[in-house]
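Undergrad: First the structure, which I've put down as structure tokens, then a few questions once you've had a look.
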Amino acid sequence: MARRPSVHSDREKPAASFARAVVAITWKDLAAEFRSRELFSAMLVFSLLVILIFNFALELDIRTRQSVTAGVLWVTFAFAGTLGLNRSMSIEKDQGSLDGLLLAPVDRSAIYFGKVFSNLTFMLIVEAIVLPVYSFLYNVNLLRPGLLLILLLGSVGYIVVGTLLATMAVQSRSREVLLPILLFPVVIPVLIAAVKASGGFLTGDEAINIRPWINLLLVYDLIFTAIAFMVFDYVVEE
Amino acid sequence: MQAKPTSLRALDLVAIAVLIVAAYLALVYAPEEAVMGQVQRVFYFHVATAWTALLGFIAAGVAGVAYLATKDEKWDIVEIAAIEISLVFFLITIVLGSIWARPIWNTWWTWDPRLTTAAVTELIYIAYFMLRQGIEDPGRRARFGAVYTIIGAVSAPITFFAIRLFRTIHPVVIGSGDPSAQGTFAMAPGMKLAFFFALFAFTIIFVDLFWNRILMGRLAARVEQLKLNLMR
Amino acid sequence: MNYAVLPQDTTPDTSGYMVAGYVIFAVIMAIYIVSFLARGRNLERDLSTLETMKAESKAMTPHPPRKRAVRKAKPERTRAGTRGQTRRRGAGRR
């Protein structure tokens, strides 16, 4: 377990101690995951299986592939993301480390951002592996900078809201089942924008058609990061 | 035990009365629309319930913020009441919208931004109740409810704009071949009266149900408090 | 009146759908109101049961130890038709 972030308020600026807390929490998760790899392997295998299922569920022949690739990818990531979020917050709850973190003399939102960064990292790593695999299986080049940007923006929006909602879901009786139910309706703008923008980059659409979707993603990400920052305290109060 | 205030009893009667009048205006008084026929009459209740459900949606958002700010349970009660009634009204909106669409555009669903956003909001409401249902501590339940209400309240308008943007770039109504499926028609004066009266009537009905629901919420809070006390 | 009736079109008969719409509306409202009233009745019943239980437990243990968390003052609520003079001590909620 990482060192508890120490706060010397008279010698260290609050922003610096906040940042250190965030880094410490992120690092704790990444280090733990590096050792066990349980979350990561679950998300990865799940994603690959979903891609496989899509192959049979939708006729991904060479023509349809163009139009549905973006959708297939984002559905896959949305479901795998739910797995990761659930697991990540459950671990905190089960090990009681959430309570430990709450006792630390650190702003609650540092916990939130720490979790967001670690969850985001897991999701991005899974995406980074799925992309080449998909490209390989379906002979499509997915490694384009525009697409990677959308993956990043979309994942941020998804994880920012998902971490907050997962924190709540894990404290309820229905736990894992509840997260997708809470998350999917409110994350629809991200999915719409991400699919449209990804599709645009894949089909080589003009920038003027893609730009509004990127703007939508940016707006969503900013608004919800701000909201989550403001309400996270209420979600971990005892 | 609380007795119902007389003004609320009076409002109950007024609500029933305006509902009857609104139905009369919509079904009998308003002229038949030439292109769509009689099914167009559902439009009056469809729009009225949509508007009032939207008011409930906004009220819930405000109540959520107010609860987090004050931790006063009355805001939680207001929030539940607003969401519950908004849920019922949006359900009516969606169903009537679907029934209206079917004979006109030969599709049960048009994926138009307003209808789709209403459906998404409905799902958010259902998720809201499922969240609350899984939490036993009343304080936590209220806090989580408020947080989710705020998240839902902010995301629904963004969803609306996203779908609208989707449609400006792809204006075809998916599910029907008719690219002009938007449901506009010119309103005759008789129609206007039915339309505006329906809006008025459903606002009254909403307020009546809302007030009743708040009373019930207070009762529920007392019952729960007694249960918790007795279990100590 | 601004009807646009073209001579070769007749207005389609969609009254079946209209009836369906209004019937469904009535059904939804009816279901909601019935469930509303039923819930209210259940709550009233629960309330009287709990109040009886509370009275009984108080009768059995005349000075029950009060181990309460600190109560914040609640905003005043007027309750029309309060029963008798019994004050609800348990009604305070944080």
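Undergrad: Over 19 Å between Cα atoms, which of A:Lys28/A:Lys115; A:Lys13/A:Lys115; A:Lys93/A:Lys115 qualify?
TA: Beyond 19 Å between Cα atoms: A:Lys13/A:Lys115.
Undergrad: Using the heavy atoms of the protein chains alone and a 1.4 angstrom probe, what is the accessible area of the protein assembly as shown per residue in square angstrom?
TA: That works out to 49 Å² for each residue.
Undergrad: Ratio of Rg to Rh for the protein assembly as shown, alpha carbon only, Kirkwood?
TA: A ratio of 1.02.
Undergrad: As a check on your grasp of the helix formula, calculate [θ] at 222 nm for the protein assembly as shown: sum -39500 (n - 2.57) over DSSP H runs of n ≥ 4, divide by the residue count, round to the nearest 500.
TA: -26500 deg cm²/dmol
Undergrad: Something else now. Just to be sure I understand the interface: list residues from the stretch B:110-130 that lose 10 Å² or more of accessible area between the chain on its own and the complete protein assembly, 1.4 Å probe.
TA: When all protein chains are present, B:Val120, B:Leu123, B:Ile124, B:Ala127, B:Met130 each give up 10 Å² or more of accessible surface.
Undergrad: In nm, what is the difference between 0.36 nm times the number of residues separating B:Thr203 and B:Phe161 and their Cα-Cα distance?
TA: So the extension gain works out to 12.6 nm.
Undergrad: Roughly how big is the B-A contact, given as buried accessible area in Å² (both sides, 1.4 Å probe, nearest 100)?
TA: So the buried area, both faces added, is about 2800 Å².
Undergrad: Rank these by accessible area, largest first, 1.4 Å probe: A:Glu59, B:Glu122.
TA: A:Glu59, B:Glu122
Undergrad: Using a simple spin-label model with points 7 Å from Cα along the Cα→Cβ vector, what separation in nm is obtained for A:Phe136 and C:Asp13?
TA: With each label point 7 Å from Cα toward Cβ, the separation is 6.5 nm.
Undergrad: Hey, another quick one. With the cut-off at 1.5 for a/c, could you classify chain B from its C-alpha gyration tensor as rounded, prolate or oblate?
TA: Oblate is the answer for chain B, as a/c is 1.5 or above yet b/c matches or exceeds a/b.
Undergrad: Using the Karplus curve 6.51 cos²θ - 1.76 cosθ + 1.60 with θ = phi - 60°, what ³J(HN,Hα) values do you get for each residue of the stretch B:204-214, in whole Hz, with x for Gly and Pro?
TA: Once θ is set to phi - 60°, the couplings for the stretch B:204-214 become 4, 4, 4, 4, 4, 4, 4, 4, 4, 5, 5 Hz.
Undergrad: For a quick size check, give me the Cα extents of chain A along its three principal axes, largest first, whole Å.
TA: Rounded to whole Å, the extents work out to 62, 35, 29 Å.
Undergrad: Rank these by accessible area, largest first, 1.4 Å probe: A:Lys13, A:Lys196.
TA: A:Lys13, A:Lys196
Undergrad: Rounded to whole Hz and in sequence order, give me ³J(HN,Hα) for the stretch A:205-215 from the Karplus expression 6.51 cos²θ - 1.76 cosθ + 1.60, θ = phi - 60°, writing x for Gly and Pro.
TA: With the stated coefficients, the stretch A:205-215 comes to 5, 5, 4, 5, 7, 8, 3, x, 5, 5, 4 Hz.
Undergrad: Ignoring ligands, DNA and RNA, what percent of the 1.4 Å accessible area of the stretch A:15-236 is carbon and sulfur?
TA: 70
Undergrad: Roughly how large is the B-C contact in terms of buried accessible area, totalled over both chains, probe 1.4 Å, nearest 100 Å²?
TA: What B and C bury together is about 4800 Å².
Undergrad: Using alpha-carbon positions, what is the distance between the centroids of the stretch B:201-232 and the stretch B:1-53, in Å?
TA: 25
Undergrad: Still on this structure, I have one more. Points 7 angstrom from Cα along the Cβ direction at A:Ser174 and A:Leu152: gap in nanometres?
TA: 3.7
Undergrad: Now for a different question. Where in the stretch B:20-45 does accessible area fall by at least 10 Å² between the isolated chain and the complete protein assembly, at a 1.4 Å probe radius?
TA: Output list: B:Leu27, B:Pro31, B:Glu32, B:Ala34, B:Val35, B:Met36, B:Gly37, B:Gln38, B:Val39, B:Arg41, B:Val42, B:Phe45.
Undergrad: Given charges of +1 on the Cβ of Lys and Arg and -1 on the Cβ of Asp and Glu, with all other atoms neutral, how large is the dipole of the stretch A:15-236 about its Cα centre, in debye to the nearest 20?
TA: Result for the stretch A:15-236 is approximately 80 debye, rounded to the nearest 20.
Undergrad: Another one. Checking buried surface per residue: for the stretch B:142-158, which residues lose a minimum of 50 Å² accessible area in the protein assembly relative to the chain alone (1.4 Å probe)?
TA: B:Arg143, B:Phe144, B:Val147, B:Tyr148, B:Ile151, B:Ile158
Undergrad: If a/c stays under 1.5 just call it rounded; otherwise compare a/b with b/c (prolate if a/b is bigger, oblate if not). Do that for the stretch A:151-238, with a ≥ b ≥ c from the square roots of the Cα gyration tensor eigenvalues.
TA: In terms of gyration-tensor shape, prolate.
The values are calculated or read from the model by the stated rules, or taken from the named source; none is laboratory data. Note that this is a predicted model, so its numbers are computed, not measured. So basically every Cβ, Gly included, is an ideal-geometry build from the backbone, and we count neighbours across all protein chains shown. Calculation scope for accessible area: heavy atoms of the full protein, side chains included, ligands and nucleic acids excluded. Shrake-Rupley method; radii C 1.70, N 1.55, O 1.52, S 1.80 Å.
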